[in-house]
2 protein chains.
Amino acid sequence: MWNKLATNRASRLERASPLADGKVVKADAITALLEAVIEPGDRLCIEGNNQKQADFLAKALANVNPQVVHDLHIVQSVLALPQHLDVFEKGIASKLDFSFSGPQAARLARMLSAGQLKIGAIHTYLELFGRYFTDLTPRISLVCAQAADRAGNLYTGGNTEDTPVIVESTAFRQGIVIAQVNEIVDVLPRVDIPTDWVDFVVQSPKPHYIEPLFTRDPAQISEIQVLMAMMAIKGIYAEYGVKRLNHGIGFDTAAIELILPTYAESLGLKGKIATHWALNPHPALIPAIEAGFVESVHSFGSELGMEDYIRARSDVFFTGRDGSMRSNRALSQTAGLYACDMFIGSTLQIDLDGNSSTATLGRIAGFGGAPNMGSDARGRRHGSDAWLKAGQEASTGSMPRGRKLVVQMVETFREHMAPAFVEKLDAWQLAESAGLDLPPVMIYGDDVTHVLTEEGIANLLLCRTPEEREQAIRGVAGYTAVGLGRDKRMVENLRDRGIIKRPADLGVDVSLATRDLLAAKSMKDLVRTSGGLYRPPARFRNW
Amino acid sequence: MWNKLATNRASRLERASPLADGKVVKADAITALLEAVIEPGDRLCIEGNNQKQADFLAKALANVNPQVVHDLHIVQSVLALPQHLDVFEKGIASKLDFSFSGPQAARLARMLSAGQLKIGAIHTYLELFGRYFTDLTPRISLVCAQAADRAGNLYTGGNTEDTPVIVESTAFRQGIVIAQVNEIVDVLPRVDIPTDWVDFVVQSPKPHYIEPLFTRDPAQISEIQVLMAMMAIKGIYAEYGVKRLNHGIGFDTAAIELILPTYAESLGLKGKIATHWALNPHPALIPAIEAGFVESVHSFGSELGMEDYIRARSDVFFTGRDGSMRSNRALSQTAGLYACDMFIGSTLQIDLDGNSSTATLGRIAGFGGAPNMGSDARGRRHGSDAWLKAGQEASTGSMPRGRKLVVQMVETFREHMAPAFVEKLDAWQLAESAGLDLPPVMIYGDDVTHVLTEEGIANLLLCRTPEEREQAIRGVAGYTAVGLGRDKRMVENLRDRGIIKRPADLGVDVSLATRDLLAAKSMKDLVRTSGGLYRPPARFRNW
């Protein structure tokens, strides 16, 4: 028997056929359909993305009878909704492999302690996708699209995100693909997933949930963040000529985006830095786009409110022939890994080796895309000025090679005066309490090239011994215990050698570091700069 | 003006419309169509894959009038056909970014010396794909599919290879996609690429060229290769419990595949090693599949003659609902990078640091997928026994992490007595003569974990100093000058510490290393083992 999967698939479809009209399932039949097609022990992928959620299907899954459906192995990018964990409490599922669980991180940790589920592993997105084609191929996938036609073709629209890889891995290993859609129409704006790859579509009673995850209100950016952004531009972007990049999420990098058309422009950097991006359509990038800084942006997903702006800026964004965006997390992560010269992002904790983590006690959050984009792509072979220069600085061996710039940008103290620099990451304790193989490090110290704080930039590429590296980190760690523990003489020596650079060393005029430098100071400014094309979600419309 | 690309696209389509009937173009109109839609200076992607070639479109492009179409920037995975270089000789194209040029490597080097083209860079496949979404997005793509329907939907069939990424990058940045197909039909077996992503289809006068690149005749496997395969299985596969892996191309790894059902079976390793693969459907894997060794294979492309076997073994291969294979180079390379615990492959030269290269003087060949799969994925976060054990062996720092196994497998002398071990790679001279940024290294020494020759296995993970590493390499380099230059006392010390292992140290009985151990000794054996389902191309049918 060499076609067991196909035979099994056929019997599942047979059980389901009375519940569907062709491929179309009525909303009130969905739980029955899931009970008909799912078998105990199945590996099931539920589309939980960074933004888009197959929420109707998640709820339906949480409502199946655990006598019928149990011991599922859930594989899922992002656990965002309560139902994503309810299935474990109810005995429907027992094992989980995932990437990110931000909003559910605390509950996940509690449930793990209570023995309510078993975690396979925490992944970076692209890694999890790779396993979908190897040892974690889903037997059933519950995905999410904007619309379907009656034949079952899908239109994912702007927020394509993970849908293509989930569907491809499942459909081509004799699995079953069920899609919730906001509407069923006669003619789709465009086909994103052919019906041959889809088994069932169901119109959800209300549109799928979507989170405006990448929107940052410029009003909340501090002057410290403006100062750090100025240092980033002068000390790293300009220094290395960084053209192709990814920005992490948060206010630190939003500040950089917002001073491109002011500060970077004043340094004559237009066209010389930050031209090509692997990035969600950050509203904070609007002023830089309007100023002509940006040549192209390829995105993991879209961003609520940016639809019309994207459509009107098709020279910059990847859009379909219907005018709406095409995003694709797998391909944008690939671009981030292999075609970007720099990743810059924030973190919660950095240790003396430069290892960073957002894992804190009592929360199992995962890291999303940061481990992938914040790692040196050792398979990369094409040169660029930024990559070659970083490689030269790092060079110790006899064989020259390039190096990705990986910048960790933090204020020395987070909110509630928690120090960003620590002797030992919380990740160690978390690994022990959660029984993980290794401490959950977001970016390993040997991949980090620069640490940037309000005190300055430490260039770890130029450090030649572990001691120098430790002192370089202490030397920008401010008044944290780690910073106070510095060897002052050695830190001054590192500064003399240009390994540590203070604002003055960079020629950054601290008096300019005010909010006046932000090309947009509020959400309203962003809307105005977009010519009214950007339409922020209600919660951000504070004027 | 923010929609220049879309406007320009519209005017190209308008120029082309008299030459097409909807999306369908007649074969004899193709050169005129290309002259109508291509503009001087365009970045153009021609689908040259490892196996499948858009050969009709490549010829048509070589026939355009250089007065009309010139200075193209060609982006292309594999340069395989003479026409791929003719366009540079004729002045149609001037710049090239690529991954592999095996069959055209010598001519490419000559043309580069003669100043007939400029090379942007040499990439690994996934890296080039990443750039398609960043700074090397094609304006025009000439791709290849098995069939189209009259609406322009494409069926790529088993050899999907690079088509999805090429089309996605081009179609969603307002580019133009032209597909050659073997036939235009009323109803496709399945839709792989929706017509919304395609502009023109043309039926080529004969089916596209396809190369059976991964077929190795077992009759050509030597007893030395059997011995090395035994060492690989006992000393690496069993030692680390390697379940998820990729094999490079060649007879060395074909020998491993062919002794899985004999030698590995006798060691009780079935189900414990080599269960999940990122691999083209190698005919040499048939005996292991039939013996129940293999749980799943996801492929970059397909292999000529394997169609019916794949269809009949859908539990193992990824196949569509029409029964034919679905391959996808980008996703299989992602699996190879992030979900495989080991890459094992051959090379032409290894230096004293373990850097390896297949670049030799007068040939600019590139490396295909090896740099990606043969690199430690530093973004990987999930554990496996093999990865954790390798990481423990390598551990020197305070933060534990895992490590991919990267094995270079070579006989100490290649054909014509050329030594595989050298003091300095030819890549250095090639970099100088071709003006490359860096020497073209296939796999960097610090990513290589094991070097395997007929003399034994050197475990570089356990070496603690550069000197130990050099002597470990010399210690398996046999009678090459590098091998003869070993420090005998130090090599014996490394052997005592288990860093170098000879066959006897591994418990490998050299007297068993005969061709009798091969589960198939000829092409005919492979066919027989497949139950007649495997149908080798004529050139391999030597009985």
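The listed residues A:R9, A:R495, once ranked by accessible area (1.4 Å probe) with the largest placed first, stand as A:R495, A:R9. Positive end of the charge dipole of chain B (Lys, Arg +1 and Asp, Glu -1 on Cβ, about the Cα centre): tell me which of B:L33, B:A377, B:F413 has its Cα farthest that way. So the residue furthest toward the plus end is B:A377. Largest accessible area first, the residues B:R414, A:R329 order themselves as B:R414, A:R329 under a 1.4 Å probe with ligands, DNA and RNA left out.
Label-point distances for B:R15 to the equivalent site in the other copies, using a point 7 angstrom along Cα→C-beta, read 5.9 nm when ranked shortest first. Residues whose amide H lies under 5 Å from that of B:G369, counting only those 5 or more places away or on a different chain, are B:Y125; hydrogens are built 1.01 Å from N in the peptide plane. Taking 32 Å as the limit for the C-alpha separation, the pairs B:K272/B:K424; A:K95/B:K270; A:K404/B:K424; B:K272/B:K521; A:K4/B:K23; B:K270/B:K404 exceed it in the case of B:K272/B:K424; A:K4/B:K23.
Backbone geometry of segment B:136-151 corresponds, through the Karplus equation with coefficients 6.51, -1.76 and 1.60 at θ = phi - 60°, to 3J(HN,Hα) couplings of 10, 5, x, 7, 9, 10, 10, 10, 9, 9, 5, 8, 10, 9, 5, 7 Hz, x marking Gly and Pro. Taken about its Cα centre, segment A:173-237 carries a charge dipole of about 280 debye when Lys and Arg each add +1 at the Cβ and Asp and Glu each add -1 at the Cβ. For segment A:357-511, the per residue solvent-accessible surface stands at 39 Å², with DNA, RNA and ligands left out and a 1.4 Å probe. Excluding same-chain neighbours fewer than eight residues apart, the lysines reachable from A:K90 by a Cα-Cα span under 28 Å are A:K26, A:K52, A:K59, A:K118, A:K206. Rounded to the nearest 20, the size of the Cβ-charge dipole of segment A:1-136 about its Cα centre is 80 debye, with Lys and Arg at +1 and Asp and Glu at -1. The contact between chain B and chain A removes approximately 8000 Å² from the accessible area (both sides summed; 1.4 Å probe; ligands, DNA and RNA excluded).
Can you pull out the GluC sites (Glu not before Pro) in segment B:415-489 whose DSSP state is coil and whose Cβ has at most 16 other Cβ atoms within 10 Å?
Listed in order of number, the matching sites are B:E423.
Rounded to the nearest percent, how much of the accessible area of segment A:377-488 (1.4 Å probe, protein heavy atoms only) is carbon and sulfur?
For segment A:377-488, the apolar C and S fraction of the accessible surface comes to 50 percent.
Take each residue of peptide A:490-502, count the partner chain Cβ atoms within 10 Å of its Cβ, and average: the result is 0.
Here the protein assembly as shown is treated with +1 on each Lys and Arg Cβ and -1 on each Asp and Glu Cβ, and its dipole about the Cα centre works out to around 240 debye.
Reducing segment B:500-525 and segment B:273-313 to their Cα centroids gives an inter-centroid distance of 22 Å. Computed from Cα positions, the angle between helix A:223-232 and the longest principal axis of chain A comes to roughly 80 degrees. The long axis of helix B:329-338 is offset from the longest Cα principal axis of chain B by roughly 30 degrees. Dipole of segment A:371-510 computed with +1 at Lys/Arg Cβ and -1 at Asp/Glu Cβ about the Cα centre; of A:M442, A:A458, A:G483, farthest Cα towards the positive end is A:A458. Listed values for segment B:471-479 are Karplus-derived 3J(HN,Hα) couplings in whole Hz (6.51 cos²θ - 1.76 cosθ + 1.60, θ = phi - 60°), namely 6, 5, 5, 4, x, 10, 8, x, 8, and x replaces Gly and Pro.
Solvent exposure of segment A:38-176, expressed per residue, is 23 Å² of accessible area, with all protein chains present and a 1.4 angstrom probe. With point charges of +1 on the Cβ of Lys and Arg and -1 on the Cβ of Asp and Glu, referenced to the Cα centre of the protein assembly as shown, which listed residue (A:V297, A:H208, A:H123) lies farthest in the positive direction of the dipole? With unit charges placed on the Cβ atoms, the residue in question is A:H208. Mind pulling the angle between the C-alpha long axis of helix A:4-16 and the longest principal axis of chain A? Nearest 10 degrees, somewhere in 0 to 90. In chain A, helix A:4-16 runs at an angle near 70 degrees to the longest axis. Over chain B, Cα pairs under 8 Å with separation of 6+ residues give a relative contact order of 14 percent. In this view, the solvent-accessible surface of A:L361, computed with a 1.4 Å probe and all protein chains in place, comes to about 90 Å².
How far apart, in nm, are two points set 7 Å out from the Cα along the Cα-to-Cβ line at B:L213 and at A:S94? Taking the two extended label points, one gets 4.4 nm. Shielding of peptide A:314-327 by partners, expressed as the average count of other chain Cβ atoms within 10 Å per residue Cβ, is 5. For B:V177, nonlocal amide neighbours, meaning residues 5 or more places apart or on other chains whose placed amide H falls under 5 Å from its own, are B:S141, B:D199, B:F200. Each residue of segment B:485-495 was assigned a 3J(HN,Hα) from its phi angle through the Karplus curve 6.51 cos²θ - 1.76 cosθ + 1.60 (θ = phi - 60°); the sequence is x, 6, 8, 4, 5, 5, 5, 5, 5, 5, 5 Hz, with glycine and proline shown as x.
The values are calculated or read from the model by the stated rules, or taken from the named source; none is laboratory data. Keep in mind that this is a model prediction, so the values were computed, not measured. Please note: Cβ atoms are built from the backbone with ideal geometry, for glycine as well, and neighbour counts cover all protein chains shown. The accessibility values were calculated without ligands, DNA or RNA, using every heavy atom of the protein model including side chains. Shrake-Rupley method; radii C 1.70, N 1.55, O 1.52, S 1.80 Å.
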